[in-house]
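Okay, so here's the structure we're looking at.
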Amino acid sequence: MKHKSNAFNKTIIKRKDFFITFASIMNERQTELSQFSMLFDQFKEPFILFANSYVRDIAAAEDIYMEAIMLYWEKRKDLPESVNIPAYVLTCVKNRAINYLRHLNVINEAEDQIMDQHTRELSFRISSLESCDPSELFTNELKQIIRTTLHEMPEQTRKIFFKSRYENKTYREIATDMNVSIKTVEFHIAKALKILRIKLKDYMPIVALFISC
């Protein structure tokens, strides 16, 4: 009975020590939480205003302050006791604001480059269209290029293209006339159009569209 009593007493002591330790840890965490809350509230308004005066985005300024105060809190035990806490936190705010603005600048430069490229492309299309003379679509030179290109095509490709574009026959009618499949007709039409587009690349894109139609 005495042995059981001693074991019971040891168990009680262990449990008591555990609860004391647990309570101590919880009190320490609660104290740290209160200290952090006080520190956070102490610098919150002026430092967010400081950040926002540069980044001009209140949500970004709040994030910057949060990151800065968290950085200090994580490193506080490694910092010398003489550290100036407000100056340290404000320096963190400053550095993060600089990084934010630099990142914003990179984004803006990329957007400007995209806009410049788009503007140049648009200007080129405008100038190309302004210089377009519809009568050039039917010049002898262009007609000769088309005739020569068609003549240089493989015989079957040329015949199928002629039946489609100049005899206005359907793919099914062409397939029946030439004893081939409709897919074969489609293949040769696509082949002929590709050859023509390449040959006519120096003429306005509308020429290629005209031939395709």
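Just so it is clear, none of the values below were taken in a lab; they were calculated from the coordinates. Everything quoted here is computed from the prediction, not taken from an experiment. Here the Cβ is made from the backbone with ideal geometry for all residues, glycine too, and neighbour counts use every protein chain on show.
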Just to be sure I understand the model, the point goes 7 Å from the Cα along the line to the Cβ. What's the resulting E111 to E45 distance in nm? 3.3 nm
Can you run phi through the Karplus equation (6.51, -1.76, 1.60; θ = phi - 60°) for the stretch 154-164 and list ³J(HN,Hα) in whole Hz, with x for Gly and Pro? x, 4, 5, 4, 4, 4, 5, 5, 4, 5, 6
Taking a crude spin-label model, label points 7 Å out from Cα along the C-beta direction, the N99 to E67 distance in nm is 0.4 nm
HN-Hα J couplings of the stretch 53-66 from phi, Karplus 6.51/-1.76/1.60, θ = phi - 60°, integer Hz, Gly and Pro as x? 5, 9, 7, 6, 8, 4, 5, 5, 4, 5, 5, 4, 5, 4
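Fully extended, how many nm does the chain gain between S82 and T176 (0.36 nm per residue separation, minus their Cα-Cα distance)?
24.2 nm
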How do F50, F187 rank when sorted from fewest to most other Cβ atoms within 10 Å of their own Cβ? F187, F50
Relative packing of peptides 97-106, 60-69, 190-199 - highest average C-beta neighbours within 10 Å first: 60-69, 190-199, 97-106
Separation of the T119 and R197 label points, Cα + 7 Å toward Cβ, nm: 3.1 nm
Among V55, V83, which comes first, then next, by fewest other beta-carbon atoms within 10 Å? V83, V55
Using the number of other C-beta atoms within 10 angstrom as an exposure proxy, rank F36, F161 with the fewest first. F36, F161
